[in-house]
1. How would you rank 27, 172, 86, going from fewest to most other Cβ atoms within 10 Å of each one's own Cβ?
2. Which FRET efficiency value, to the nearest 0.05, is calculated for residue 292 and residue 197 with the Förster distance at 45 angstrom and r the Cβ-Cβ distance?
3. Fewest Cβ neighbours within 10 Å first, please rank 244, 273 accordingly.
4. Helix 32-46 versus the longest principal axis of the chain: what is the Cα-based angle in degrees, 0 to 90, to the nearest 10?
5. Over the chain, what relative contact order in percent results from Cα pairs under 8 Å that are six or more residues apart?
6. Scattering from the C-alpha atoms of the range 16-65 alone, worked out with Debye: what is log10 I(q)/I(0) at q = 0.21 1/Å?
7. Nearest 10 degrees is fine. How inclined is helix 249-258 to the longest principal axis of the chain, computing both from alpha carbons?
8. Quick check: convex hull over the Cα atoms of the range 82-154, volume per residue in Å³, rounded to an integer?
């Protein structure tokens, strides 16, 4: 009894000591090193310089260690790790299993970003997606479900942004799975949220909504911006890919064509990819369903060399 009581007292003291520790608070100002690292981050991202990710991570991590209370720096580190993992097709034919560690690191840094700035729904959406990714990698169903329901909270906080975030992550799943179908539905709901009404599921011509373009408010993420210079085109490229994978190539062609409405379309680095998708939509159905496609075979956007750059490269 004495041993049990002693153990209980120890556990209680431990919990009390941990609970009494000060919470990690966000910093009010950013350091010069963080601002400088931001410049390298954006230059690397917008330049599509995948090979410079280690250099950017070194600068960002150094700035973070100097001030680990900076949510923006934490998020940027997380983003670099996401990019490294997402476009791993660039590293083929060398397939390094250790690439999956970037999911763990990305999740950790977005967890920090969410803790430091819980009012930023984009951080929450990326964090949720990474929980699901990490859960899938480690076959941890509890972690995967935690990510799924965290994503539901993120969607509620910013539908225009996080319906896409959720659906994009689910696009890698099997074409006949319940979750893939849900991811495809999330893309339709993204369009609905951006249009302010239910978009026609048969003739999804988005030209009638181009007048709604804005740089302000929550709907700004529906359009191109300095953060994602080709967000509009990339969205429709992915949406078309998901429709092809689901066995709807005719609808996919209409969806792909919406990307042409962007004023920046002619300057888009992946314009030729989309035009090829339009020509070969029917032929790509089976190719996009391959879980382990051969090198050189067309693959769905989320598994491609432009999984991130389709929206973010200048």
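A short reminder: the numbers here are calculations on the coordinates, not readings from a lab. Just so it is clear, the structure is predicted and the values come from calculations on it, not from any experiment. Here Cβ is always computed from backbone atoms with ideal geometry, including for glycine, and neighbour counts include all displayed protein chains.
1. On the way: 27 15, 172 19, 86 22.
Ordered by Cβ neighbours within 10 Å, fewest first: 27, 172, 86.
2. The calculated FRET efficiency here is 0.65.
3. Values: 244 30, 273 18.
Exposure proxy ranking, most exposed first: 273, 244.
4. Around 30 degrees separate the two axes.
5. 15
6. So the normalised log intensities work out to -0.73.
7. Approximately 80 degrees, to the nearest 10.
8. Hull volume normalised by residue count: 76 Å³.
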